[in-house]
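In what follows, a single structure is set out as structure tokens and then discussed.
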Amino acid sequence: MVYLKAGGSFLTIKEKPFSLNFRALSSLARILKGVPAELPLVLGNGGGSFAHIVVKAMRDKYGARPLLVRCQSATRWLNKLVVDYLVSEGVDATSIQTSAIITGGPGGFVVNHLPVVMSIKRGIRPVVYGECVFTEDGYSVLSTEAVFTLLAERIRPSLFVFLMDVEGVYTCDPKKCEKPELVSRIDSSNATRVLKSLGDRSAADATGGISGKVRSAIELSAKFRVPVLLMSGFNTDDAVKALTGHLEDVRGTVVYIER
Ligand SMILES: Nc1ncnc2c1ncn2[C@@H]1O[C@H](COP(=O)(O)OP(=O)(O)OP(=O)(O)O)[C@@H](O)[C@H]1O
Ligand SMILES: C=C(C)CCOP(=O)(O)O
């Protein structure tokens, strides 16, 4: 199973509340139409300028009830925009409500992955998303990467691809620093160093920004022994190549921890 994340930095304009990037939606549809229909693929969309802004503003000020209501309203909204756009472009996709298939229980998360499996069996692309899910005593904010981890424990992954608005992981923020260099590979020889260079994960957004994403990519690769590719969603040709298993020569960052 291929797990594809359309990140919020790609789908939305992250610093502008509730703003969608239509060029990204169009790229995403082209990517999905470019891969064989029979390729088993789970799509997930990030929170971008919808959920992250809500969660960051409410997290330390409000209780679980208002936060769950507002967060789920924001995530549902973006997910609906994405799925409805894909359907209008001829992609057979459907929304799978993350908070209905994942809940936090006393012994860890309880996951009903069957809607994802059944959707794939029928040739429909299931679309999950980063979400505020119910737990026994409140809520938990799960990134799309965390949702993928829980699903991948039940549906074996072959590859993870994270689409962003930048071409991969750089030596410094490519939007802010002068000479960013693309890190083409992260493996056990440089993982710790790269993570350190990305700094504090708490500042960027509600799930840790690029630092949280690279940490998740390292954990996913180590746990499932598969590559994780971080790349630009605007590079549609390379994304199609990568999704069909051809990672060589794709511009991006490949995380591969082969322990
Ligand atoms: N060293 C870096 N390398 C790459 N991107 C970086 C770096 N430092 C900061 N960034 C920023 O991180 C962003 C990508 O991370 P972000 O967590 O926003 O991605 P996303 O998964 O697309 O978003 P979301 O969590 O909303 O789904 C880029 O837009 C980039 O500007
Ligand atoms: C902020 C929420 C609800 C999760 C967003 O998921 P992510 O954008 O994949 O990190």
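The values are calculated or read from the model by the stated rules, or taken from the named source; none is laboratory data. Being a predicted model, the structure only gives us computed values, none of them experimental. Glycine gets a Cβ as well: all are built from the backbone with ideal geometry, and neighbour counts include every protein chain shown. These area figures cover heavy atoms from the full protein model, side chains too; ligands, DNA and RNA do not enter into them. Shrake-Rupley method; radii C 1.70, N 1.55, O 1.52, S 1.80 Å.
Assorted remarks:
- When the residues E248, E131, E167 are ordered by accessible surface, computed with a 1.4 Å probe over the protein chains alone, the sequence from largest down reads E248, E167, E131.
- In this structure F224 has an accessible area near 20 Å², from a 1.4 Å probe over the protein heavy atoms.
- Kyte-Doolittle at least -1.0, axis length at least 27 Å by Cα - qualifying DSSP helices, the chain: 64-88
- A 1.4 Å probe run over the protein chains yields, for segment 2-255, 46 Å² of accessible area per residue, whole-number rounding.
- Legend: residues K14, K61, sorted from most to least accessible area (1.4 Å probe; ligands, DNA and RNA excluded), read K61, K14.
- E38, E89, E145, ranked by accessible area, largest first (probe 1.4 Å): E38, E89, E145
- Members of K56/K175; K61/K175; K5/K179; K16/K175; K196/K223; K5/K80 lying beyond 19 Å, as alpha-carbon distances in this model show: K56/K175; K61/K175; K5/K179; K196/K223
- Evaluated at q = 0.13, 0.14 Å⁻¹, the base-10 log of the normalised Debye intensity for segment 69-181, with identical point scatterers placed on the Cα atoms, takes the values -0.62, -0.70.
- Of K176, K213, K16, the one that fluctuates the most in a GNM where the chain has Cα springs shorter than 10 Å: K176
- Of all DSSP bridge pairs formed entirely within the chain, close to 35 percent run antiparallel.
- Debye log10 I(q)/I(0) for segment 146-259, one point scatterer per Cα, at q = 0.10, 0.15, 0.18, 0.23 Å⁻¹: -0.27, -0.63, -0.93, -1.48
- Cross-link partners for K176 among the aspartates and glutamates, with Cα-Cα distance under 19 Å and sequence neighbours closer than 8 places in the same chain left out: E15, D165, E167, D200, D205.
- Nonpolar atom fraction for segment 2-255, defined as the carbon and sulfur part of the 1.4 Å probe accessible area, stands at 52 percent.
- Alpha-carbon centroids, segment 233-247 and segment 23-87: separation in whole Å: 21 Å
- Our coupling estimate for segment 250-255, obtained by passing each phi through the Karplus curve with A = 6.51, B = -1.76, C = 1.60 and θ = phi - 60°, is 7, 6, x, 10, 9, 9 Hz, Gly and Pro reported as x.
- Relative contact order (%) - segment 2-255, alpha-carbon pairs under 8 angstrom, separation at least six: 23 percent
- Estimated translational diffusion coefficient (Stokes-Einstein, Kirkwood radius over Cα pairs, 37 °C, 0.692 mPa s) of the chain: 180 µm² per second.
- FRET efficiency for the pair R30 and E181, taken as 1/(1 + (r/R0)^6) with r the Cβ-Cβ distance and R0 = 30 Å, rounds to 0.60.
- Residue with peak Gaussian network fluctuation, the chain [Cα springs, cutoff 10 Å], from L230, L86, L182: L182
- Other residues with beta-carbon under 13 Å from the beta-carbon of S119 carry, at +1 per Lys or Arg and -1 per Asp or Glu, a net charge of +2.
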